[in-house]
Each structure stands twice: as C-alpha cells, then as structure tokens.
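Quick one: structure below, then a few questions.
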Amino acid sequence: MKLPPLWKITRELKRPLAQLKLLPSRVGTFLFGNKYYDWFLAKNSQCTVGRLAHNPRIAVYLIFPSQGVLASHVEALKYLVSCGYAPLVVSNLPLTDGDRSKILDRCWLCLERPNYGYDFGGYRDGILLAKEKSARIDRLVLLNDSSWFPLPGAQDWLVEAEKTGLDFTGAVSNYGHPRVDPEDFRSIQWGYSTSHRNFHYCSFALMMSGRLMADPKFVKFWQRFPLTSDKKVTVRRGEIGLSQWITSSGYSHGMTSDPGLLDQHLAGFSQEELQDAVRNAVLLERPRLSALRDRLLAEKAPAEALRDFLLTAVALQGASYVQPELMRRLFGTAFLKKSPCWLDEKGSETTIRFARSLDGAFGAAITEEAETLRREKAPDFRLSKTAASRRNKGGCTGARAQPPV
C-alpha cells in the first residue's frame, strides 16, 4: 500500500494539537459570545433613520468602509432601491459625517456597530433590527461589500433569486463537491451534494422568504448565534451553520449560479479555452495548486487533465474565487470578490484585468477601487521584476518601483 507523503502525515498529526489549543476560547465564545456583545459592546452601536421609506422587502447591506464610502457602495444601494428593497445598512466601522450622509440618502436605516463577529455579527444585528422595526417582512436579503456588485452585463441577481421561488437562495455555494489533494487531481469525481460536511451557501449574497423570516426558530437561530472574533470559527458557525440549519429544517433552498453544472460546461470547451481558463484561475494562497497549474501549462497537458485541474481548484476553493470570468460567462454571476486584489499577485492581475473589461462608469469605478486595493493592501505586488530582483539580492533600499498593473 502506498503511504501518503510526509507533509500530509505531519499536517494530520498537528491538526488535533492545534484544535486542542484553541478549544478554551472557542468554548467560551460559543457559550457567551453573543451575551458579551449584547451586554457590553452593543451599547456602543448607533442607529440612524435614513431618508427612504420602509417597506416589507428589506435588504441588509453590510459594509466595512475602511477607505470610506465608495462609489461601489453607492451603486449597490441604488441597485437595491431600484429593485424595490428598503436598504438597512450595517457598518462594522464608525462613519464620518460625510459618509453617513451618503448612506442616509439611500437607505431606510443605518446601523453603526462595533466590529465583533465579522459579517455574521453584522447580519445578526441587521436581521434582529429588521424584525424589531417591521410588522411584516415579505422578503429579506443579506449582502456584504466583500464583492463588487451588480457587475455590468451580468444577471439581475435579485430578480433571478426571486424567480427561484425558494425559501432560501444563495448566489453560489462552496464545498458541495468531493475534494482531492492537488497531486491527486486526476481522481476527482464531480458531483454536487449539500450533505458534504463543509457545504455552505456563500454569505456574500443570500435571499430569504417571508415564510422563513416569520419562523420563530429562525429568529432564535440569530438571537443565539455565538459571536466570535475568530474568522475561521465565524465561517463554520455562520456560513456552514446557517446552511446546515436551512437544509435540515425542511425549507426549500438553492442558488442562482450552480457550479454543479461546471463539468458539463467544461466538457464542451476547446483545448485553447481550457488553457485560458487554467491560466486565469485565481488560486489564493495555494502554492501546490499554483505549481501544478504552471506544470500543466508548460507541458501543454491534454484537455482532460486541464478540466480535472479546474474542477479540483473549484472544489478546494470555491467557484466565486477561482473563476470569476467563467462564472459570469456561463451563469451571468453578478459578483466579483475583492480579496484576490491583495491575497495573490496573479489573482490580483486577473481580477483587475477582468474589472477593466467591464463596461460603463461602474466598470471604471470597480477598476479604480481594485487598483487601489492592490496598491494599498498588497504593496509587494507593486515591485517591478528588476526592483524585486535587487531586493532579493539585498540591493533594494529605496522607494519601490511601481510597474503598471
């Protein structure tokens, strides 16, 4: 029997020790995280009534305006209002007077809260506030500014989500497919199932029916939600926990962009199209996957291997990250994730190139914001090859060169 590589054995041996070390804090936040927030931190929140009227179709829009309220925030709010939703903006940072005024012009309520619990902490406050202030909720949407939306030329996501007629609709899901290690990519068997352990609907865009919002058990889920400042735990309790609650509670659920169909679409791609898709795949902090990509392209791998690679990458990381261009082309996906702009150099280049292809004034605004994120949050990406070479040799001591992105 073939033994697994040493690195994999070491990883599996270290994992329970790392989990054990984190256990006390995780148990503490599970039992008392929401109480700590409600009793001590929530008193620092500020709720301001906006200039738009309330209606029973509510959109909780969570923002983290570290660079101020941007054109993309304003565009998202304009879109929500145009679709007949009353925006309830939740800011996980305090707003300046000028930024607050921009928000209040385009919302029903604006809640500024302490940044505790990441997006699910903000969603929790937004949902509970909406329930407190609304006698009836016909539909509620959760959105956050981790993505640019609505992308020019993409689907009208709110309309498409409403058309599903489901109680719970996401834009896309992650981990609905069996995952394999990169070196085993040829063994992947593509098949979608919500029963996978870490399956979840991605939290950047979710829609809930009035029937779901009227369920006292659903409200209790949010009241009891265990807040934490641990991002990984927030994902497990939030995205995964919410999705598991929905799938186990008998509510209808689904998504508007189904990566479960990706294998069928890729089967019709030419060799050149597959090479382009592999070349433009966004691989965040996945060195082994990136090395495999480079090898397959250098070897001019056959179409079957390229398809298996793409499916492996999506299974490991999620379609919304790996293939933003392809998801818009195949499914009309209206969202573009922001984090590749600073987490990965090639991913940053791909994201900005995609942004530059978008039409109109909003396309230009997305491009400008993407370039700013890359410049300010990932300064090492600005190095020219010559400057990087000098730095690696110990000869770069002055200002860093900035090549075009």
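Among Thr312, Thr372, Thr256, determine the one that fluctuates most according to a GNM of the chain built with springs between C-alpha atoms less than 10 Å apart.
Thr372
Here is a follow-up. If the only charges are +1 at each Lys and Arg Cβ and -1 at each Asp and Glu Cβ, what is the size of the charge dipole of region 50-158 around the Cα centre, to the nearest 20 debye?
So the dipole magnitude of region 50-158 works out to roughly 320 debye.
Let me ask something else about it. Using a 1.4 Å probe and counting only protein heavy atoms, arrange Lys377, Lys300, Lys131, Lys338 so the residue with the most accessible area comes first.
Lys300, Lys377, Lys131, Lys338
What pairs in Lys102/Lys163; Lys78/Lys338; Lys131/Lys337; Lys35/Lys232; Lys131/Lys338 have C-alpha atoms more than 22 Å from each other?
Going by Cα-Cα distance, Lys102/Lys163; Lys131/Lys337; Lys131/Lys338 fall outside the 22 Å limit.
Further question: Could you work out the longest stretch of the chain that avoids the GluC sites (Glu not before Pro) located in DSSP loops with at most 12 other Cβ atoms within 10 Å?
1-284
For the chain, place one equal point scatterer on every Cα, skip the solvent, and apply the Debye formula. What is log10 of I(q)/I(0) at q = 0.09, 0.14, 0.15 Å⁻¹?
-0.59, -1.41, -1.55
Still on this structure, please answer the following. Ratio of alpha-carbon Rg to the 2.2 N^0.38 Å globular estimate for region 275-321, to two decimals, please.
Its radius of gyration relative to the 2.2 N^0.38 Å reference: 1.02.
Next up: Taking the convex hull of the alpha carbon atoms in region 42-200, what volume per residue do you get, in Å³?
Once divided by residue count, the hull of region 42-200 is 160 Å³.
Going toward the positive end of the dipole of region 198-254, with +1 on Lys and Arg Cβ and -1 on Asp and Glu Cβ, which of Pro226, Ser252, Ile240 do you reach last?
Most positive-ward Cα: Pro226.
For region 43-154, what proportion of DSSP beta bridges, expressed in % and rounded to the nearest 5, is antiparallel?
20 percent
To the nearest 10 square angstrom, how much accessible area does Leu52 have with a 1.4 angstrom probe?
60 Å²
Taking the Kirkwood radius as the inverse of the mean 1/r across Cα pairs, report the Rg/Rh of region 120-213.
Expressed as Rg/Rh, it is 1.06.
Top mean-square fluctuation among Leu316, Leu227, Leu41, Gaussian network model of the chain, C-alpha springs under 10 Å?
Result for the chain, Cα springs under 10 Å: Leu41 fluctuates most.
What does DSSP give for the chain in terms of the percent of beta bridges that are antiparallel, rounded to the nearest 5?
Percentage antiparallel, nearest 5: 45.
The values are calculated or read from the model by the stated rules, or taken from the named source; none is laboratory data. As the structure is a prediction and not an experimental result, all values here were calculated from the model. Cβ atoms come from the backbone with ideal geometry, glycine included; neighbour counts cover every protein chain shown. Side chains are part of the model used for accessible areas, which takes the heavy atoms of the whole protein and leaves out ligands, DNA and RNA. Shrake-Rupley method; radii C 1.70, N 1.55, O 1.52, S 1.80 Å.
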